[in-house]
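Below you'll find the structure, written out as structure tokens, and then a few comments.
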Amino acid sequence: MSSTKDRLKKLIDENLDLDHEPNFDARFSEVGVSSVDAIAFFKLINQEFSLGLAAEECTQFETLNDVAKFIDASAG
């Protein structure tokens, strides 16, 4: 697992009440996170990775893998 995914997993473990390991390939609608929690989680991602994304921009991501790829591309 990449360090980006490790950091995302840590954010998930600390902030989302999942009863399972996060599936980085699953669509957000399939993982059991409410839209309110998802928006709050994206705010945390913005802070952790200094992305500066607006809430509406977060809808471009369908999976955690999409988020990880975006973060890695932004860092490079």
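The values are calculated or read from the model by the stated rules, or taken from the named source; none is laboratory data. Note that the coordinates shown come from a computational prediction; the quantities given were computed from them, not determined experimentally. Cβ placement follows ideal geometry from the backbone for every residue including glycine, while neighbour counts extend to all protein chains displayed.
Looking across segment 42-76, the residues that are of a type outside the set (Ser, Thr, Tyr), under 18 Å from Thr4 (Cβ atoms) and not in a helix (DSSP H, G or I) come down to Leu51, Gly52, Leu53, Phe61, Glu62, Gly76. Does Asp72 qualify as being surrounded by 13 or more Cβ atoms within 10 Å (Cβ to Cβ), in contact (Cβ under 8 Å) with a residue 60 or more places away in the chain and not aliphatic (A, V, I, L, M)? Yes, satisfied. The set of residues in segment 15-36 being at pLDDT 85 or above, over 24 Å from Ser74 (Cα atoms) and not hydrophobic (A, V, I, L, M, F, W, C) consists of Glu21 alone.
Taking Ser29 and the conditions (1) free of Cβ contacts under 8 Å to residues at least 60 places away in the same chain; (2) part of a helix (DSSP H, G or I); (3) out of contact with any Asp or Glu (no Cβ under 9 Å at 6 or more places or on another chain), which numbered condition does it fall short on, given that it satisfies the others? So Ser29 meets the others, but not (3). For Ile39, the stated conditions do not hold, so it cannot be described as modelled with pLDDT of 90 or more, under 11 Å from the mean Cα position of the chain (by Cα), aliphatic (A, V, I, L, M) and in a helix (DSSP H, G or I).
Here Ile12 meets the list (1) surrounded by 14 or more Cβ atoms within 10 Å (Cβ to Cβ); (2) assigned to a loop (DSSP other than H, G, I, E, B); (3) modelled with pLDDT of 85 or more almost entirely, failing just condition (2). Considering only segment 55-65, I want to know if a residue exists there that is at pLDDT 90 or above and either of a type in the set (A, V, I, L, M) or surrounded by fewer than 12 Cβ atoms within 10 Å (Cβ to Cβ) (or both). For segment 55-65, residues at pLDDT 90 or above and either of a type in the set (A, V, I, L, M) or surrounded by fewer than 12 Cβ atoms within 10 Å (Cβ to Cβ) (or both): present. Identify, please: which residue in segment 18-54 is under 14 Å from Leu8 (Cα atoms), in contact with a helix residue (DSSP H, G or I) (Cβ under 7 Å, 6 or more places away or on another chain) and of a type in the set (A, V, I, L, M) and is, among those, surrounded by the fewest Cβ atoms within 10 Å (Cβ to Cβ)? Step by step, filter segment 18-54, then rank; the result is Leu18.
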